[in-house]
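To keep things clear, I will list the structure first and then write my remarks on it.
The values are calculated or read from the model by the stated rules, or taken from the named source; none is laboratory data. Note that the coordinates shown come from a computational prediction; the quantities given were computed from them, not determined experimentally. Virtual Cβ from ideal backbone geometry, glycine too; neighbours counted across all protein chains shown. Side chains included, ligands, DNA and RNA excluded: accessible areas come from the protein's heavy atoms. Shrake-Rupley method; radii C 1.70, N 1.55, O 1.52, S 1.80 Å.
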Amino acid sequence: MASAPSVQRLPHSPVLADAAELHGFAELKGFADPAGLDPQLERFLHQASSLLCQWLGQAEAGSPLPALSVLPAVEPEAQGLPAERLLADLQLVMEGAFNPNHPGALAHLDPPPLAASIAADLICAGLNNNLLAEELSPSLTRLERSLCCWLAQQLGLGDQAGGVAASGGSLSNLMALVTARRSRGLGCRADAVVLCSVDAHVSLDKAMTVMGLPAHALQRLPVDAQGRLEAAALGERLDQLAAAGIPVLAVVATAGTTVRGAIDPLDAIAAHCRRHGHWLHVDGAIGAVFALAASQRQHLVGLELADSVTVNPQKLLGITKTSSLLLLAQPAQLQAAFATGLPYMEPSWGAGHGGESGLQGSRPAEILKLWLGLRQLGLNGITALVEGAIRRRRQLEILLAAEPRLQLLGGPLHLLAFRPRGLKAEAADAWSSHTRQALLAQHLMLSRPCYHGHHHLKAVLGNPHTQASHLERLAQIVQANLPEAGDAAGLPRST
Ligand SMILES: *Cc1c(COP(=O)(O)O)cnc(C)c1O
C-alpha cells in the first residue's frame with residue numbers, strides 16, 4: 001500500500017488564513033449551524049414568533065393606528081447584540097405599527113394576515129431562494145409557474161395562460177403595459193396612447209413616466225354615475241384615434257376602482273378592443289379575486305377576454321405583502337418583452353427563468369405565501385371571505401343610507417365611500433378630517449380619499465374580524481358628526 005500522503009505544510013502566507021482565523025469567521029453570530037439543529041436559532045425564532053402572536057392577539061385592546069412610539073436606535077453598535085436586545089428592539093417597533101388585525105381597521109386594502117401566509121413568509125426568508133433563476137429556486141420556480149397557470153385559468157384566460165408574481169400591483173400594471181407596447185410593435189412611438197377611466201389607478205401615471213411617455217399619453221375617459229368607464233365614450237375615442245392614425249398601446253379597464261370599487265363594463269370594453277385589435281389590460285388589483293367565488297363571477301363578465309390581468313391577493317385574501325400577480329393569456333409575450341438571455345446563468349431546463357419573465361431580477365419566492373394561504377383557506381374559505389366582505393359593505397350601506405344627509409358612493413364590491421350632501425370642497429375636507437378623528441378615538445379607522453374634487457370617508461370592509469356592532473357604532477359616530485343642515489363649514493353640531 002502506498003504510504004499515507006504526507007501533508008505538506010504550506011509556508012505561512014499572509015494571504016492564506018490559518019485554521020484559527022477561519023474558525024473565527026464561523027463564530028460570527030447569527031448564521032444557522034449547518035452541521036446540526038441550531039438550538040440558538042430555534043429559540044430565537046420561537047421567541048420572535050411568540051412576540052408576534054402576542055401582538056396580533058392584543059390588537060383589539062388598542063387602536064388600529066397607535067400613537068407615535070419610541071424608535072430603538074437605528075445604527076449597529078460595535079459589538080453585535082444578543083437575542084434579548086434584538087427582541088426588545090423589535091417589540092418597540094411593533095408597538096408603533098399599524099395593526100391590521102384590529103376589527104376597526106377599515107381604512108385601506110390591508111387585511112389581517114393569514115396564518116399560513118405568515119408561516120410561509122418565515123420559511124421563504126429562511127430558504128432565501130431567488131426567483132431570478134431556476135438553479136437558485138428549483139421547486140419555487142415551478143410552484144410560481146404552476147400557481148400562476150392555475151389562477152389564470154380560473155380567471156378564464158385560457159389553456160396557454162400563465163404569469164408571474166410581482167412586488168405589488170403598480171409593477172404588475174407597468175409590466176403589462178411594457179408587454180403590450182412590445183407586442184403591438186410600438187416601442188419607438190412617442191405618440192402612442194393608453195386609454196383608461198378617470199377613476200383608474202395612479203400607478204398608470206407612474207407607468208407613463210417609467211416608459212418615457214408624456215403624462216398626456218394616458219387618456220382618462222369619463223365614468224358613469226356608478227363610477228364605471230363609459231364604454232360608448234371609449235368606442236368614440238377609439239374611432240377618433242384610428243381616424244387620426246394615433247396608435248393605441250393598450251386599453252386599461254379597472255375591475256374594482258380604488259375609492260368605490262366600481263367595475264368597468266369589461267365585455268363591452270373587450271368588444272371595442274377586439275374591433276380595433278387593441279391590447280386589453282384589466283387592472284383587477286382589487287376585483288379580480290372576486291372571480292374565484294362562483295357567486296361573484298357575474299360582476300366580472302368579460303374578464304376572460306383580457307390579454308393581461310393584474311391581481312393583488314394582498315388586498316383582500318390576507319396574503320402578506322407583497323402579493324401581486326400579472327397574468328396573461330399568452331405569457332410568452334411577457335418573456336419576449338423582458339428576456340435578456342441571462343448570460344451568467346445556466347440555461348433554463350424548464351419553461352424559463354423567473355428573472356426572464358418580468359422586470360424584477362433577484363426576488364423572493366412571494367408565491368409561497370400565496371400558495372399556502374390559498375390552500376389554508378380552501379375554495380370555500382375564499383368564497384366565504386369574499387362574500388363576508390360584500391355582506392359587511394351591504395350592512396354599512398343600509399345603516400348609512402338611513403341618513404338622508406349622506407351621499408353614498410359604492411359598487412358591487414366591499415368598498416363604500418360617503419360624504420354629506422351639498423358641502424363645498426373645503427367644508428368636505430374639514431368634515432372628513434374631524435369625523436375621521438372622532439372615529440379613530442373609538443378605534444375605528446377609515447380613510448379620507450379626495451375623489452372628484454371632494455374629500456370623502458371611505459370604508460374597506462375586507463376585515464373578517466369586523467362585527468355588525470362595529471358597523472353600528474361607526475354609523476352612529478358618522479351621524480353625530482354631520483354638519484347642521486345649511487352649515488356650509490362642515491362642522492358637527494357638537495363644536
Ligand atoms: C392598489 C392598487 C394598485 C397598485 O397596487 P400596489 O400593490 O399598491 O402597487 C393598482 N390598481 C388598483 C386598482 C389598486 O387598487
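Classify the stretch 41-97 as rounded, prolate or oblate from the Cα gyration tensor: take a ≥ b ≥ c as the square roots of its eigenvalues, call it rounded if a/c is under 1.5, otherwise prolate when a/b beats b/c and oblate if not.
oblate
Overall, the stretch 354-408 carries a charge dipole of about 180 debye about its Cα centre when +1 sits on the Cβ of Lys and Arg and -1 on the Cβ of Asp and Glu, all other atoms neutral. Our compactness index for the stretch 123-375, the C-alpha radius of gyration over the empirical 2.2 N^0.38 Å, is 0.98. Considering only C-alpha atoms, what is the centroid distance from the stretch 228-250 to the stretch 426-456, in Å? Computed from Cα coordinates, the inter-centre distance equals 36 Å. Within the straight-line cut-off of under 20 Å between alpha carbons, the aspartates and glutamates reachable from Lys369 are Asp110, Asp121, Glu134, Glu144, sequence neighbours fewer than 8 places apart in one chain being disregarded.
Ranking Glu403, Glu60, Glu135, Glu426 by solvent-accessible area of protein heavy atoms (1.4 Å probe, all protein chains present), from largest to smallest, gives Glu426, Glu60, Glu135, Glu403.
Residues whose amide H comes within less than 5 Å of that of Leu218, counting only those at least five positions distant or on another chain, are Val194 (H built at 1.01 Å from N in the peptide plane).
For the stretch 83-195, the spread of Cα positions along the three principal axes, ordered from largest to smallest, is 57, 37, 29 Å. For the chain, adding -39500 (n - 2.57) for each run of n ≥ 4 DSSP H residues and dividing by the number of residues yields -12500 deg cm²/dmol at 222 nm. In order along the stretch 300-313, the Karplus-derived 3J(HN,Hα) couplings, from 6.51 cos²θ - 1.76 cosθ + 1.60 at θ = phi - 60°, round to 10, 4, x, 4, 5, 8, 6, 7, 8, 9, 8, 10, 10, x Hz, and Gly and Pro are given as x.
Multiplying each eigenvalue of the alpha-carbon gyration tensor of the chain by 5 and taking the square root yields semi-axes of 44, 34, 20 Å, largest first, rounded to whole angstroms. Sorted into 10 angstrom bins from 0, the C-alpha pair distances of the stretch 440-480 split as 25, 53, 21, 1 percent. When chymotrypsin sites (Phe, Trp or Tyr not before Pro) are flagged only if DSSP places them in a loop and at most 15 other Cβ atoms lie within 10 Å, the longest unflagged stretch of the chain comes out as 99-343. Of all lysines in the structure, the ones whose alpha carbon falls short of 28 Å from that of Lys424, not counting any fewer than 8 places away in one chain, are Lys458.
Rolled with a 1.4 Å probe across the full set of protein chains, the surface gives Cys450 an accessible area near 80 Å². Of the residues Lys315, Lys321, Lys29, Lys458, ranked by 1.4 Å probe accessible area with the largest first, the sequence reads Lys29, Lys321, Lys315, Lys458. Accessible surface for the stretch 41-97, divided over its residues, is 72 Å² per residue with a 1.4 Å probe.
For the chain, give the percent of accessible area contributed by carbon and sulfur heavy atoms, probe 1.4 Å, rounded to a whole number. The computed percentage sits at 57. Converting phi to 3J(HN,Hα) with the Karplus coefficients 6.51, -1.76 and 1.60 and the offset θ = phi - 60°, the stretch 463-473 yields 7, x, 7, 6, 9, 4, 5, 5, 5, 5, 4 Hz in sequence order, with x at every glycine or proline. Remark on His454: its backbone amide H falls under 5 Å from none of the residues 5 or more positions apart or on other chains, H modelled at 1.01 Å from N. For the residue pairs Lys29/Lys321; Lys206/Lys321; Lys206/Lys315, the alpha carbons lie more than 23 Å apart in Lys29/Lys321.
Just so you know, the Rg over Rh for the stretch 226-285 is 0.99, from Cα atoms, with Rh as the Kirkwood radius. Considering only beta bridges that DSSP places wholly inside the chain, some 60 percent are antiparallel.
Please tell me the relative contact order of the stretch 123-375 in percent, rounded to the nearest whole number, where contacts are Cα pairs under 8 Å and at least six residues apart.
Values: 506 pairs, mean separation 74.0, N = 253.
Worked out over the stretch 123-375, it gives 29 percent.
Residue-wise HN-Hα couplings along the stretch 440-449, as the Karplus relation 6.51 cos²θ - 1.76 cosθ + 1.60 with θ = phi - 60° gives them from phi, are 4, 4, 9, 6, 10, 10, 10, 9, 9, x Hz; Gly and Pro carry x. Assigning unit charges at the beta carbon (Lys, Arg +1; Asp, Glu -1) and nothing else, what dipole magnitude in debye, to the nearest 20, does the chain show about its Cα centre? Roughly 1280 debye for the chain.
Less than 5 angstrom separates the built amide H of Gln407 from those of Arg419, Arg421, all sequence-distant by 5 or more or on a different chain.
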